[in-house]
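Okay, structure first, notes after.
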Amino acid sequence: MLYWNDEDGDGNGEWIEISQQLNSDKISQILSTDSADELYHISATAADGSLYKILTTEKTGTFVLVKK
C-alpha cells in the first residue's frame with residue numbers, strides 16, 4: 001500500500017510505502033494515545049480473507065494498493 005505525501009499541496013510529493021505493522025488487538029491503544037501523523041498496516045488474520053487493512057491517525061488522501 002502506498003500513500004501520496006504532498007504536505008504543501010504543490011504536486012511535488014512522493015509515494016510512501018505503508019510498512020509499519022500493527023496487530024489488530026493494539027488498535028484501541030493507538031487510537032487512545034496522542035500520536036503524530038502515522039500510517040499502519042494492520043496484520044491480517046484468517047477471518048480477514050483477502051482484506052488489506054490500513055489505519056491512519058491523522059492523514060487523509062490518496063492510497064494505492066500495488067503489487068511488488
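The values are calculated or read from the model by the stated rules, or taken from the named source; none is laboratory data. Here the structure is a predicted model, which is why all the values come from computation and not from measurement. Glycine gets a Cβ as well: all are built from the backbone with ideal geometry, and neighbour counts include every protein chain shown.
Show the residue pairs meeting these rules: Cβ distance below 7 Å; 6+ apart or different chains; first residue within the stretch 29-49 and on the phi > 0 side of the Ramachandran plot and in a strand (DSSP E or B); second residue at pLDDT below 75 and surrounded by fewer than 10 Cβ atoms within 10 Å (Cβ to Cβ).
Going by the 7 Å Cβ cut-off, there are no qualifying pairs.
May I ask you to list the residues in the stretch 1-47 that are at pLDDT below 75 and among the acidic types (Asp, Glu)?
34, 37 - these are the residues of the stretch 1-47 that are at pLDDT below 75 and among the acidic types (Asp, Glu).
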